[in-house]
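I have placed the structure first, in the form of structure tokens, so that the comments after it can refer back to it.
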Amino acid sequence: MFDRKKSFSNFAWVFAVGAVAGAAAALLYAPMTGRKMQKKVSDITERVIDKVDDFKGAVKRVATA
């Protein structure tokens, strides 16, 4: 039978992994100095952590609904 919660969970993981891979590829192909790269990595890391926390909350709400 089709399990909606499991399907959404799988989608969530694939989406998160794809987002991280895309961000890493973008950083590797963007030429810049070391300090600028460190700042950019730090900013992106903070944004990713915030988005993952938001997404985790959404998944919990769907799973408990």
Just a yes or no: is a residue in region 12-28 in a helix (DSSP H, G or I), within 20 Å of Thr64 (Cα to Cα) and not acidic (Asp, Glu)?
yes
All positions within region 48-65 that are more than 20 Å from Ser7 (Cα to Cα) and surrounded by fewer than 11 Cβ atoms within 10 Å (Cβ to Cβ)
Ile49, Asp50
Only one of these conditions is not met by Met32: (1) outside any helix (DSSP H, G or I); (2) surrounded by fewer than 11 Cβ atoms within 10 Å (Cβ to Cβ). Which number is it?
(2)
Region 37-61 residues that are aromatic (Phe, Trp, Tyr), paired with ones that are at pLDDT below 90 and part of a helix (DSSP H, G or I) (beta carbon under 9 Å, 6 or more apart)
Phe55/Ala12; Phe55/Phe15; Phe55/Ala16
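The values are calculated or read from the model by the stated rules, or taken from the named source; none is laboratory data. Computed from a predicted model, the values in this text were never measured in an experiment. Note: ideal-geometry Cβ built from the backbone for every residue, glycine included; neighbour counts use all protein chains shown.
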